[in-house]
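To start, the structure itself, in structure tokens.
Here, each number is a calculation from the coordinates, and none is a lab measurement. Computed from a predicted model, the values in this text were never measured in an experiment. Here Cβ is always computed from backbone atoms with ideal geometry, including for glycine, and neighbour counts include all displayed protein chains.
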Amino acid sequence: MYRSTEDEQIILMDSYDYTLDELKLFDSESEKVRQGIPIMDICALLVADYQTKLNVIRKSQKKWWQFWR
């Protein structure tokens, strides 16, 4: 579970039509999951989708040559 940075929030809002309020909600719900606090089922599905998109953004920003240092 990741917390989004400002740059990632901009990408999420532009590419996936999230609002800033939704991103804050998903980050807070993700934090609950990290701490082991149960969340509602529908919210869990939305958070999982959000985390998947965030992971795709992070992987796309990594360059292959960073591993050859």
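Find how much the distance from Leu20 to Ser60 grows on full extension, using 0.36 nm per residue of separation minus their present alpha carbon separation; answer in nm with one decimal. Present the calculation step by step, with values, prior to reporting the outcome.
Details: separation 40, 0.36 × 40 = 14.40 nm, distance 2.18 nm.
Taking 0.36 nm per residue and subtracting the Cα distance, the gain is 12.2 nm.
How large is the charge dipole for the range 19-59, taken about the Cα centre, if only the Cβ atoms of Lys, Arg (+1) and Asp, Glu (-1) carry charge, to the nearest 20 debye? Could the numbers behind the result be given before it?
Numbers: 6 positive and 7 negative charges, 55 e Å.
Dipole size: approximately 260 debye.
Got the relative contact order for the chain handy, in percent, Cα pairs under 8 Å and 6 or more residues apart?
Computed value for the chain: 36 percent relative contact order.
Taking 25 Å as R0, compute the FRET efficiency from the Cβ-Cβ separation of Thr5 and Ile42 and round it to 0.05. Display every interim value, and only then the final one.
Working: r = 26 Å, r/R0 = 1.04.
Result of the calculation: an efficiency of 0.45.
Using the Kyte-Doolittle scale, which helices in the chain average at least -0.5 and also have C-alpha atoms spread 24 Å or more along the helix axis, with helices defined as whole DSSP H runs?
Numbers: long enough: 41-61 (30 Å, 0.11).
Span-like helices in the chain: 41-61.
Nearest 500 deg cm²/dmol is fine: what mean residue ellipticity at 222 nm does the chain get from its DSSP H runs of n ≥ 4 alone, each adding -39,500 (n - 2.57), divided by its residue count?
On the way: 3 runs with 48 residues, N = 69.
Mean residue ellipticity, 222 nm, calculated: -23000 deg cm²/dmol.
How much length is gained if the chain between Gln51 and Gln35 is pulled fully straight, taking 0.36 nm per residue apart and subtracting their Cα-Cα distance, in nm to one decimal?
Working: separation 16, 0.36 × 16 = 5.76 nm, distance 1.59 nm.
Extra length available between Gln51 and Gln35 comes to 4.2 nm.
Please get the size of the charge dipole for the range 1-43, origin at its Cα centre, with Cβ charges of +1 on Lys and Arg and -1 on Asp and Glu, quoted in debye to the nearest 20.
On the way: 4 positive and 11 negative charges, 60 e Å.
With only Lys, Arg, Asp and Glu charged at Cβ, the dipole is about 280 debye.
With point charges of +1 on the Cβ of Lys and Arg and -1 on the Cβ of Asp and Glu, referenced to the Cα centre of the chain, which listed residue (Ser60, Tyr16, Met40) lies farthest in the positive direction of the dipole?
Toward the positive end, the furthest listed residue is Ser60.
At a Cα cut-off below 12 Å, give the aspartates and glutamates reachable from Lys59, other chains included and same-chain residues fewer than 8 away excluded.
The reachable aspartates and glutamates, counting only those whose Cα sits under 12 Å from Lys59, are Glu8.
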